[in-house]
Amino acid sequence: MAARSQTKTSHLNIRMKPEVRAKIELAANASGKSVSDFVRDAATREAENTLLDRTRIELNQADWERFITALDAPPTKHRRLRDLMSRKAVWDR
């Protein structure tokens, strides 16, 4: 008998006002997703952003000094960036 991959899922039940649900359904439909996919994607994206905002990075003293030096250094001049910033934005044309 061939092994079959089974995906285990769990449910998340939330309560919301009817107008909130209607807005979510409208947005899900506009993005071509089911309500479940839309809510799952939005919740996952928000969870990742929340956790990234709380990521702690530890540096030893030497790396900390290099980091601070890099932050304090004047910006490097980049011709291509200067050219790009001197052009009119596409939406302003």
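The values are calculated or read from the model by the stated rules, or taken from the named source; none is laboratory data. What you see is a predicted model; the values in this text were computed from it and never measured. Cβ placement follows ideal geometry from the backbone for every residue including glycine, while neighbour counts extend to all protein chains displayed.
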| note | residue 90: passes all of (1) of a type in the set (A, V, I, L, M, F, W, C); (2) touching a helix residue (DSSP H, G or I) at 6+ places or on another chain (Cβ under 9 Å); (3) at pLDDT below 90 but (2)
| message | Being outside any loop (DSSP other than H, G, I, E, B), aliphatic (A, V, I, L, M) and farther than 30 Å from residue 13 by Cα is the filter here; which residues of segment 43-93 pass it? | response | 62, 68, 70, 71, 81, 84, 85, 90
| query | Does residue 21 fit the bill of being surrounded by 12 or more Cβ atoms within 10 Å (Cβ to Cβ), without any contact (Cβ under 8 Å) to a residue 60 or more places away in the chain and part of a helix (DSSP H, G or I)? | reply | yes
